[in-house]
1. Can you figure out the FRET efficiency of E174 with D600, using R₀ = 51 Å and their beta-carbon distance, to the nearest 0.05?
2. Run the paramagnetic zone check for I62: 7 angstrom along Cα to Cβ, then residues of segment 461-475 with backbone nitrogen under 20 Å.
3. Any chance you could run the full-extension gain for Q629 through Q344? It's 0.36 nm times the residue separation minus the Cα-Cα distance, nm to one decimal.
4. At a Cα cut-off below 29 Å, give the lysines reachable from K630, other chains included and same-chain residues fewer than 8 away excluded.
5. Is there a quick way to get the dipole size of segment 97-236? I mean about its Cα centre, with the Cβ of Lys and Arg at +1 and of Asp and Glu at -1; what is the value in debye to the nearest 20?
6. Computed from the mean reciprocal separation of all distinct C-alpha pairs, what Kirkwood hydrodynamic radius does segment 46-120 have, in Å?
7. From Cα coordinates alone, what are the radius of gyration and Dmax values for segment 145-220 in angstrom?
8. With a 1.4 Å probe and every protein chain left in place, tell me how much accessible area H189 has, in Å² to the nearest 10.
Amino acid sequence: MPVYVRKNLMSITPDSLSNLSSDEDDYIKDPDQLIDKLPQPFRLVDKIFNRLFDIAWEICAIREAIREEERSKIRPPLYDCAVKLDDYGKALSLCESTDGRYLLIGLPNGLAIINAANQLPVASWEQSDAGFETVKSCLIGVQVYFVATIDSNSVLRLFCCAYEGIHLIKVVNEDLPEGSKVVDVQLSHEGDYMAVTIENEADTWLDVFKLPCDTWLRELENAQANAIKEQKAAAESAVDKQEAGDDVANEDGTTGSVTKAVSSQPTTPRESPMPPVTIHDVQLSKPLLHMKIKPTPSVVTASTSVGNQLASFKTTDDGNIIGLGNRHIIQEQHLEMRRNVFKQFHEEQLRYLPKDVDKPKLRAQCLFLNPSLILPAGLETNADVPNSIAVAWTGSTNICHYNLIKPVKDIEGKPEVIWPCSSPVTALATSPCTSLLAIGQNDGTVTVWNKQQGIPLGVSHTSRHGEVNYLRFITAAPFERPVTQPYLQSPKVVVLVGSTDGQFCLIKCGYGEPVRVQHLDGPVIEEPEKFTVIEPLSTMPQVVLLVREMSEISLMDVSKKHVLCLAALPPGYQLSSPMKPIISQAGNAQMLYLRGDKTDDENQPNNAEESALFVFQLRSFPCLDGYLQKASQEHGPYVAHVTVQKRFDALLADRLIQQNSRQQRMQQRWSMLRGEIDNLPSRYRVSTPAIKA
């Protein structure tokens, strides 16, 4: 009788040789061993689950240790000594003037300026149809400020604040195409240039304006002189009318005593007290459009009509930007073919992609840079006047440097130098002297460049799961070098870095030193509470103002990794918006202004018109006494760049200073050599033959 045996019988995978039991132990000792061991692949799944549980238990243990450590720490002092200002409770934005004298407040109905020290009103400008949501300013003269504001209708207005008055210069949107709106505005430090990001339904671009600051100062001086003359003339006419009225009264004999008092102390126009001069209806020159910068197209998506390599090179002045935008020889047919091939090979994966993907809006990050060796020679200007602008667009891996001094035939400028990066650029920052440039990328990498020489000072990875969204140079340690060797300056640069995943750290780097990353918020185990505001105090850069998502306001000494104090609003008030709080320092880090909204019973911000502007006097915080005594606004150069001639002179001066010490060492060496020769045995001495007469 035939027997049919099924092929490919399922068999249990035998155990490994090291775990095989001997014949002597081949019996059941434990009831749990009645259950056979799992076969593969179930044994592998069991190990994976056990591993996951072990990892989860380790994470729970670390979190518990962190909580215990937090409980054992001494809580920083809490200050709730805020002074309430009801007049500016509807503030939409706050901005400190460059010199710290005033605070500019954007209101739903205009712009107001108050004294930062005593909160007294200085000037105001009313506009009823829109609220000023963005206010930025810079100092262009002695107590003369240039102010740029963007309202809720995306309208950019330019003002000049001087002599306790606000003067409208221009509404930029009047010269823009229909449907365009202003997104952002950036000002250079001294107010020489202004960059405006503009967008419409079809395009986004960056307009760079040159600001005639010197012309504005002359026009304001002339307007002030005319106002003084008019005021003097009005005072003289008032005195003449008063004297004429007194003469008529004396003739009637009704006011003799008053006339006698006036005649005993005559008042002249020079002796009369003059009220402050206020300038009205001054016409200031308009800023001129200097350059228009458009986003750089991607090589992958941009085609060209150039047929060969030679023609492609002829379309550029030189070969420096052959790989940017449409400066290549990739045809549209080739790009279309590559797209079709990609879709054909990855059809299964592409169907899982979301259909409606919102592309990020194009935004330009720009920095105005002082002269350096990045741009070609022959374009040198004053060291304090910017001569180039660095621009990085959203999603772009290139940083384009545009020249602001070189005359161009066309308004649309082309980049002079292009710096490629390994991943899209998300943050830019420069030192106060613009000699150093920090670049943050979306993979958490931060690079600090010496902009003058074009070499990196350090490259570090700061975050695993987030992109860098904040960079700030806070300090540079004193230079450790001989006075006669300025070319050996070695600054220790400190950069403050913030990431979207809540990482908050310091990067310390310098010439010939390893890059060190110091995390200021401990290890990130779970989703951290992110920072919404990171702002170093102007006169105390090592003290940083921090605002968290839960509306916690703190001051931290980043050099010691220590929270100094917490600031809290009075009971019943909360920050207007923890994600975008309205907060600003003022008075050279002496005052802290912020807006608070009334909260309801459920501790939620009440959007009713019950909000107020609060001010903290930071100089009254005991924990800041030591920092205020050492506060200083003077910052030396981060990098020393000397010419070859100065370096030769320094080397020669150093050589002359060491001349005496070299002679002393030479004499000591010869004397030691004479003693060594005398101690040699006679057979090693060389006899000198006698000289015959």
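1. 0.75
2. Output list for this probe position: 461-467.
3. Full extension from Q629 to Q344 adds 95.7 nm.
4. Correct list for K630: K73, K136, K492, K508, K560, K561.
5. Rounded to the nearest 20 debye, it is 520 debye.
6. In segment 46-120 this quantity evaluates to 17.6 Å.
7. In order Rg, Dmax, the Cα atoms of segment 145-220 give 13.1, 43 Å.
8. 140 Å²
The values are calculated or read from the model by the stated rules, or taken from the named source; none is laboratory data. Keep in mind that this is a model prediction, so the values were computed, not measured. Neighbour counts run over all protein chains shown; Cβ positions are idealised from the backbone, glycine included. Side chains are part of the model used for accessible areas, which takes the heavy atoms of the whole protein and leaves out ligands, DNA and RNA. Shrake-Rupley method; radii C 1.70, N 1.55, O 1.52, S 1.80 Å.
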